[in-house]
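Peer 1: Below are the structure tokens for one structure; questions will follow.
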Ligand code: ADP
Ligand code: MG
């Protein structure tokens, strides 16, 4: 914690602004106002509960570095929700609320991150398909897949692709009316328009669009009233052949949304952004380093990519941190400086008991196969090889009889397991890439 609470919040903001994307910062962090700061706590005003949750979910550790801590060691923050406050003052003063008609209803109609373009998106096997789908939609809005539904884990480039589509359309179809929203922004807008009795204007605006980009639809889950309005907007646009692109952390079927909306979202094309493989991660690191004017030796790029494997945003963060660290201390980028500056980001965690199930999960992630396939009888090479790796790891890491271990692989015989172990043990000696992947699977087990 810093001694001067006066500056603590500002310092925190500066640190976060460096690390978060411009859109993320503008949507989630900038709306937070510091109201007061006391030696033992800070009071923050947030526009809604989502922003509060977002801040705590994503930045708790950083907050703890800058702000006073409570007795449990957590940052000591008192949150005040802005809307509630406003309403309170309105009732208290009993004056009719004033809503200046001139105030633009839609403020953020073009919050596209200038860095999120197709040209700056590095392709690999895990994202090639979704990128070409996104390009297809951008080239012929409303005429190819509609809606395009992009899903995938955190930090894998969903928002990047969404904005890339926006940029491309803006440039190549300048007459089209595009609007980009976060689901959170849509809800806030809806709340505001309901309160101000200007819902008709909002509806009119949305229904006049040619392209609607919607980020993070998962935030619509469990919000029935908003979901219905969104669904109406959606249908009205789709019926006019207007393009809709949606991103989400899960595929439509796994979201807790109405059947009606789920079905609509599956009408077009559902595409997944996967975890980039090792080579792609290295390419991303090298690209980001080049952008920052840093020379990143290939060996170091591999080293980082092996330790950070399921989030591109973290790869970016690693480059920023490494560059700051080396510049500040006047050091060269070596494996040692990398380890010293990035160890916190590396995906290591205290070891826990290893089970065949954990191994299967870990291997399935690294080799991009399903756990159920690993347990199946499939002999396809794409499945059989990772299965052998999993068997090898099981024998190496678990102190159990071969009998028991092989049973846990969907009832394989112990000689199958032994054969797999021998084969992979031999290959590991010679195949550097395989060794790296196995090391990753092992580290993953510990995470
Ligand atoms: P998501 O929306 O899936 O959580 P983002 O689109 O915000 O992830 O991506 C996180 C960061 O990683 C962004 O800065 C983005 O530019 C970068 N990024 C993600 N995927 C790629 C990629 N394939 N090539 C280059 N940068 C990428
Ligand atoms: Mg995103």
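Peer 1: Looking at residue 163 and the list (1) within 23 Å of the chain's Cα centre (by Cα); (2) closer than 20 Å to residue 268 by Cα; (3) loosely packed, with under 15 Cβ neighbours inside 10 Å, which single condition is not satisfied?
Peer 2: Only one criterion is unmet by residue 163, namely (3).
Peer 1: Starting from region 411-425, keep only residues that are not assigned by TED's automatic domain parsing to the domain that holds residue 396 and modelled with pLDDT under 90, then list their pairs with residues that are loosely packed, with under 15 Cβ neighbours inside 10 Å and in a helix (DSSP H, G or I) whose Cβ atoms are within a distance under 7 Å, requiring at least 6 positions of separation or different chains.
Peer 2: none
Peer 1: Identify the residue in region 11-43 that is under 15 Å from residue 64 (Cα atoms), in contact with a helix residue (DSSP H, G or I) (Cβ under 9 Å, 6 or more places away or on another chain) and outside any loop (DSSP other than H, G, I, E, B) and, among all such residues, is modelled with the lowest pLDDT.
Peer 2: 15
Peer 1: Moving on to the next point. Restricting attention to region 285-323, and to residues there that are within 16 Å of ligand 2 (Cβ to nearest atom) and assigned to a helix (DSSP H, G or I), which single residue is farthest from residue 123 (Cα to Cα)?
Peer 2: Ranking the qualifying residues of region 285-323, first place goes to 317.
Peer 1: Determine which single condition residue 365 fails, assuming it passes every other condition in (1) surrounded by fewer than 18 Cβ atoms within 10 Å (Cβ to Cβ); (2) free of Cβ contacts under 8 Å to residues at least 60 places away in the same chain; (3) in contact with a helix residue (DSSP H, G or I) (Cβ under 9 Å, 6 or more places away or on another chain).
Peer 2: For residue 365, the failing item is (2).
Peer 1: Here's a check for you: in region 134-145, which residue that is under 24 Å from the mean Cα position of the chain (by Cα) and either part of a helix (DSSP H, G or I) or modelled with pLDDT of 95 or more (or both) is nearest to residue 249 (Cα to Cα)?
Peer 2: 134
Peer 1: Same structure again: May I ask you to list the residues in region 146-171 that are outside any helix (DSSP H, G or I) and either in the same structural domain as residue 21 (by TED's automatic domain parsing) or in contact with a helix residue (DSSP H, G or I) (Cβ under 9 Å, 6 or more places away or on another chain) (or both)?
Peer 2: 146, 147, 148, 149, 150, 151, 152, 154, 155, 156, 157
Peer 1: Of all residues in region 162-180, which are out of contact with any strand residue (DSSP E or B) (no Cβ under 6 Å at 6 or more places or on another chain) and within 16 Å of ligand 1 (Cβ to nearest atom)?
Peer 2: 163, 164, 167, 168
The values are calculated or read from the model by the stated rules, or taken from the named source; none is laboratory data. Computed from a prediction, not measured in an experiment: that's the story for all the values here. Backbone-built Cβ (ideal geometry, glycine too); neighbour counts: all protein chains shown.
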